[in-house]
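The values are calculated or read from the model by the stated rules, or taken from the named source; none is laboratory data. Since the model is a prediction, treat every value here as computed from it, not as a measurement. As a convention, Cβ positions derive from the backbone with ideal geometry for all residues, glycine included, and neighbour counts pool all protein chains shown. Surface accessibility is based on the protein's heavy atoms, side chains included, excluding ligands, DNA and RNA. Shrake-Rupley method; radii C 1.70, N 1.55, O 1.52, S 1.80 Å.
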Amino acid sequence: MTAAVNFLPNTPHKLQDTPKPAEAKENQAVETAGEARQSKAPEIQDSKTPEIRENRSISTLELAAKDVRMVIEQQRERGQTLTTKLNILFVTNGALLTSLIISRLLFFLSPFSIAEILGFLLNFTLLISAFLPRQVAVSPNLEDKKFLERYLVLSPEEYQLQMLVNLAETYNANRQRLEDVSLSLKYSAFVTWGIAIILLMHVVASYFV
């Protein structure tokens with residue numbers, strides 16, 4: 001019995017318990033679910049990013065279109081202001097010419113009368129140049145027969161971009177027209193002021209000298 005006992009192997013350390021089959025399957029399932037969550041998380045985050053960018057770009061287009069139309073409206077108001085100034089200059093020059101005709105100072109040949117006649121000719125030429133109708137650019141141009149064919153096939157974003165380009169070109173074209181009218185009215189105002197001074201000097205020279 002003693003010899004048999006001496007040949008038994010010594011086991012100083014306890015062997016680790018082997019996991020049961022059910023526990024191994026459960027641990028593997030938990031690890032697989034964790035990896036699946038980690039792999040799916042970036043996909044959900046990336047899917048929301050294009051949608052946010054798309055909404056932001058649409059809002060930017062709407063704001064840009066609103067601002068451009070506001071500038072076009074201000075340009076239209078400026079055109080109405082220039083028309084009012086044109087009418088005022090017409091009435092002023094008509095009143096000056098009427099006063100010269102009633103006083104009969106214009107019918108006596110003198111340096112003053114010659115300067116007044118030349119001034120009125122120049123002034124009415126400038127006013128008529130400003131009064132003449134000019135081609136006004138509009139967008140969209142409904143006279144274009146291919147308007148529907150070109151624009152209805154576009155997406156909403158592409159249509160807004162195209163309208164922004166057209167409105168910018170419209171503004172530049174109408175701006176040149178308004179600048180021409182404004183320049184003519186500016187020169188006419190100076191000529192009117194000169195005619196008024198010459199008329200005053202003519203009256204003083206005729207009645208008080």
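Just so you know, the averaged projected area of the alpha carbon convex hull for segment 119-189 sits at 5.6 nm². Picking from VAL165, LEU105, SER184, whose Cα lies most toward the positive end of the charge dipole for segment 99-203 (charges on Cβ: Lys, Arg +1; Asp, Glu -1)? It is LEU105, whose Cα lies furthest towards the positive end.
Heavy atoms only, 1.4 Å probe, whole protein assembly: order SER155, SER113 by accessible area, highest first.
Accessible-area ranking of SER155, SER113, largest first: SER155, SER113.
Here the gap between TYR207 and GLN162, fully extended at 0.36 nm per residue and compared with their Cα-Cα distance, gives a gain of 9.5 nm. Excluding ligands, DNA and RNA, the accessible surface per residue across segment 117-166 is 75 Å² with a 1.4 Å probe.
Shown is the FRET efficiency for SER155 and GLN135, computed with R0 = 41 Å from the Cβ-Cβ distance and rounded to the nearest 0.05: 0.85.
The modelled label-to-label distance between VAL71 and ILE114, using points 7 Å beyond Cα along the C-beta direction, is 5.1 nm.
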